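Where a number appears in this text, it was derived from the coordinates with a stated rule and is not lab data. A quick note: this is a predicted structure, and the numbers were derived from the prediction, not measured. Note that each Cβ is placed from the backbone with ideal geometry, even for glycine, and that neighbours are counted across all protein chains shown.
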Amino acid sequence: MDQYSYLANADVSAIESLYQQFKENPESVDESWRNFFKGFEFSETWKSDGATNAVTDKSNEHVRKEIEVVHLIRGIRARGHMAAKINPLWPERKHNPSLDLEDFKLSEADLDTVFEAGIEVLGRPATLREINDTLRKVYLGPIGFEYQYIRDRKIKGWFRRKIEAEYINFKPSPEQQKRILKKLNEAAAFENFLHTKYLGKKRFSIEGGESTIPALDAAILKGAELGVEEVVIGMAHRGRLNVLTNIMQKPYEQIFNEFEENIEEEEYSDGDVKYHMGYTSQVLTPAGKRVSLKLMSNPSHLEAVDPVVLGYARARADGHFESHGRKINDFDDIYDKILPIIIHGDASLAGQGIAYEIAQMSNLKGYYVGGAIHFIINNQVGFTTDNDDARSSLYCSDVAKILDTPIFHVNGDDPEAVVYAMQLAIEFRQEFNKDVFIDMICYRKYGHNEADEPKFTQPAMYKYINKHKNPRDVYLQKLKDQGEDNIGLAKQLKASFDSNLQELLAKVKQRQLPYEVPKLERDWQELRKSKKEDFLVSPETGIDKDAIAIIGEALSNIPKGFKAIKQITKVLAERKSIFAGEKEFNWAAAELMAFGSILNDGKWLRMTGQDVQRGTFSHRHAVLHDTTTNETYSNLEHIKEGQGKLELYNSLLSEYAVMGFEYGYALANPNALVIWEAQFGDFANGAQTMIDQFISAAESKWKTQNGLVLLLPHGYEGQGPEHSNARPERFLQLSAEYNMYVCACTTPANFFHMLRRQLALPFRKPCVHMSPKSMLRHPGAISKMEDFLPGTKFQETYGDDYADPKKVKRVLLCSGKIYFDLLEKQQADKRTDVAILRVEQLHPFPKQQVTDLLASYPQKVQTIWVQEEPQNMGAWSFILREFPEIGISDLIARKKSASPATGYTKYHQQGQTNIINKAFDLTNKENI
């Protein structure tokens, strides 16, 4: 170690503290500091006359300056990004980073003085001029590097060495420059063609941010070089068409057909605007590497696609790659082979809370994807909102700092710098498997869309933009300025740019790589679209007794030496009795058997949500904990050799991002039963965007199927407004065209069949279930073993075996938990004149089955819908709107209410009793 390198992480107050520590015990400080303090004390004693005092003063002053040079080095590394030339529009930066020599009590007179601190930068003692010039070239150029906040010294050291040793010498080869310019040409040519041919039509052009295209190209090439086989991209609408054509290689003809809307009309398919559509392709890199590309479909809701990308990437890695070992972070190496790239806007990244959610997910076991590349197209404006009104942070990317990961702020007018930033980001991701952020500062040539006038709100900015050369022309000029060798290249590529795009159209099919269908996509090809008749009756989903025995054995036992708490011992004993046929199946046993049967069939099961391992209501106990070691054991992982893969994770306290992640996982793997469970059903409203834009509408918009299951605990039990209602009316309002199942099962067996039906169908549909709470332990919510055996299936409705059809004067239709309250009243009062019919599946509504059940009773019988929810909630409006012909003349429910439920137990009980009493009061035939 050189004599001053130990100063690199020091400041004056810290040195004073260390010196006091040294005086008390020299061995308590590092050897390098001991040497420094010994020299300092020697200099203090070497003051016998004026001459030596002068020498000592000079020596002390040099030591002081050494320390200040170290502070200068640290200052430029930490704050250089604040003075970097990263803004193509405004060269002057707003914030003073205090990086002048005078800020460190140095001056130009010191520039030619040699300082030992130069070893920190150049590997040798160097003059202040060399140190200062080198650091400013690295840190104050077209890339602003932010990384000094990183707490992992290994990561910080790796990154510093990379940029200080490599970036300073970075110079693309002529071939690399040619490829960069080619990609810029393609981007600019495409936008110019569209602007001419489809003048005034919305396309959300990439103009001003064309460097995005060579950046994505570099990501694919560098990723492939480092082992990436699949790339999954999520982005909003700006620049999407350009990415589709010039990165995804979607044929121009398809894009133009979408502009002209030459699309065949299909039943139950409404389509979407062209700048929301996804695409799948494969490309061959110049090095001969085949890479699969996926651009996810997305809605206008900015950042909503982010967790979908991550879930999709996780599923693809799980399904396509085999692990060859663990990485230093103890995760499988399979995630190195898939690269998620999320393209953000500056305003949305800063403003949408989901960005924080996915950042917190990134290193969690249940959501790990090996790190994502976050590429920000920073237009410096959000629609019409300036940065000063869009965020409090200095940069839109500051959320990245919670992950101890580097951020690149790069000038979008310097495509070489953008490409370097992307290449280093890929290298960092493959090395450390952490998210990394590239903030490309650019501009938006037009308004929010091509028909929008930006000068209403940003007149000064757009006065400058209108005179500003586009990145392609800026780069052409740069190449010419670099010397004679580049002039010919620039002219050649300029000629290529100016050629008519129609010539490119004739060649476009030649560049399409024949598609090799990956495994999970082959699994999807074995499925089909649903038909109306598919929803009349559910398929058989029972299992044989041998399978039940195998599953029951696994669920009822734990390894020798595993010490569970006594309550778990009782749970295991109860499971043993149930699977032995001594007791009927309760909800927990039926649910675990459904899970076990999926795994036993060789299919996958993935379930996440808050508290899912134990279950919010302590019923599931799918993961057990040893009382001594806290080691975990999941019975479901031990069904049999060769069983399906199990992923069962308690989630972070998020609904929006976690539901989106699971949607993405189910989107990729049709043979995985993917479940998201809410702690309480109404918490799903924190993920309403996922429900509205993806779960309910994706098949209609984008022709994509998804089998995600949402389990939403629902039921009125006096727990207050926020723990009673999963808002079934919202899901039913979204239900149409057979887009999803909405169920409220009342028996363990029916729940079992509902879950198994998800993978038994020849197509995939989301399923939303109003799950039980108190009903989990209701003595009536039980099922016999025969209800699970071959030949059994999901029951969309249940009739009434107690009421006498000839005596019945009123039929009560209901769904969910209230059935047991009605049943208790019916049985207690021996009311054979009132029948109770259960609708277990609300959508698609089993109209024929309900009609057939009602036909068992006299024609003039009064039919009433009974629900716990207020009149303006629950299923009633859906039933009344969609199926008035079934003869429901009245409703019994709580009064209309702005709040889902009362917060007072007393009033809850009064309301519940009132509903039940009214249901059996035949004297009251008024509208109830």
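Only alpha carbons enter this Debye calculation for the stretch 739-866, each as an equal point scatterer, and the log10 of I(q)/I(0) it gives at q = 0.12, 0.18, 0.21 Å⁻¹ is -0.48, -1.04, -1.31. Model label sites at Thr569 and Lys289, defined 7 Å from Cα along the beta-carbon direction, differ in position by 5.6 nm.
Against the chain, whose longest principal axis comes from its Cα atoms, helix 905-919 is set at around 40 degrees. Going from the fewest other Cβ atoms within 10 Å to the most, the residues Met248, Met785 appear in the order Met785, Met248.
In terms of distances greater than 31 angstrom between alpha carbons, the cross-link table entries Lys529/Lys793; Lys222/Lys445; Lys222/Lys469; Lys434/Lys469; Lys274/Lys519; Lys137/Lys202 yield Lys434/Lys469; Lys137/Lys202. The antiparallel fraction among DSSP beta bridges confined to the chain stands at about 30%.
Report the percentage of all Cα-Cα pairs in the stretch 288-378 whose separation exceeds 19 Å, rounded to a whole percent.
Working: 1724 of 4095 pairs.
Within the stretch 288-378, distances greater than 19 Å cover 42 percent of Cα pairs.
Highest mean first, the peptides 369-382, 838-851 sorted by other C-beta atoms within 10 Å per residue fall in the order 369-382, 838-851.
The mean of 1/r over all pairs of different alpha-carbon atoms in the stretch 633-713, once inverted, gives a Kirkwood hydrodynamic radius of 13.8 Å. Sorting Lys463, Lys825 by the number of Cβ atoms found within 10 Å of their own Cβ, with the fewest placed first, yields Lys463, Lys825.
The residues neighbouring Phe694, those whose beta-carbon lies less than 11 Å from its own, together hold a net charge of -2 under the Lys/Arg +1, Asp/Glu -1 convention. On a 0 to 90° scale, report how tilted helix 545-556 is relative to the longest principal axis of the chain, with both axes built from alpha carbons and the result rounded to the nearest 10. Compared with the principal axis, the helix lies near 50 degrees. Annotation: average projected area of the chain is 48.0 square nanometres, based on the convex hull of Cα atoms across all directions.
With the alpha-carbon atoms of the stretch 410-478 aligned to their principal axes, the span from lowest to highest coordinate is 46, 28, 18 Å, starting with the largest. Bridgeable lysines around Lys105 (alpha carbons under 21 Å apart, same-chain partners fewer than 8 residues away excluded): Lys58, Lys65. Within the shell of other residues whose beta carbon sits under 15 angstrom from the beta carbon of Pro713, the net charge comes to -3, with Lys and Arg scored +1 and Asp and Glu -1. Amide H contacts for Asn87 (H built 1.01 Å from N in the peptide plane; partners 5 or more residues away or on another chain; cut-off under 5 Å): none found.
Using mean Cβ contacts within 10 Å as the protection proxy, how do 397-405, 475-483 order, highest first? Display every interim value, and only then the final one.
Details: 397-405: 19.6, 475-483: 15.9.
The most tightly packed comes first, giving 397-405, 475-483.
To the nearest ten degrees, helix 31-45 and the longest principal axis of the Cα atoms of the chain are 40 degrees apart. Distance from the alpha carbon centroid of the stretch 319-357 to that of the stretch 240-310 works out to 21 angstrom. Under Stokes-Einstein, with the Kirkwood radius over Cα pairs as Rh, the value for the stretch 838-907 at 37 °C and 0.692 mPa s is 242 µm²/s.
The stretch 756-784 and the stretch 703-755 have Cα centres spaced 9 Å apart. Mean silhouette area of the stretch 710-779, derived from the convex hull of its C-alpha atoms and averaged over all directions, reads 5.3 nm². The stretch between Lys171 and Asp544 holds 127.5 nm of extra length on full extension. This uses 0.36 nm per residue minus the Cα-Cα distance. Here the simple spin-label model places points 7 Å from the Cα toward Cβ, and for Asp692 and Gln482 these points are separated by 4.9 nm.
Under the definition of Cα pairs under 8 Å and six or more residues apart, what whole-number percent is the relative contact order of the stretch 803-928? Mind showing how you got there, number by number?
Values: 172 pairs, mean separation 33.3, N = 126.
Reported as a whole number, the value is 26 percent.
For Lys563, a cut-off of 27 angstrom between C-alpha atoms picks up these lysines, skipping any fewer than 8 places away in its own chain: Lys365, Lys576, Lys583, Lys640, Lys645.
Panel order for Phe437, Phe22, Phe170, by other beta carbons found within 10 Å of each beta carbon, from fewest to most: Phe170, Phe22, Phe437. Using 19 Å as the cut-off for backbone N distance, which residues of the stretch 255-296 belong to the label zone defined by a point 7 Å from the Cα of Lys529 along Cα→Cβ? The answer is 258, 261-274, 277-280.
Across the stretch 532-788, Cα-Cα pairs more than 31 Å apart make up 21 percent of the total. Summed over qualifying helices (DSSP H, 4 residues or more, each -39500 (n - 2.57)) and divided by its residue number, the chain shows a 222 nm mean residue ellipticity of -12000 deg cm²/dmol. Over the chain, what is the relative contact order in percent, taking alpha-carbon pairs closer than 8 angstrom and at least six residues apart? Once normalised by length, the contact order is 10 percent. Computed from the Cβ-Cβ distance with R0 of 30 Å, the FRET efficiency linking Asn60 to Lys162 stands at 0.25.
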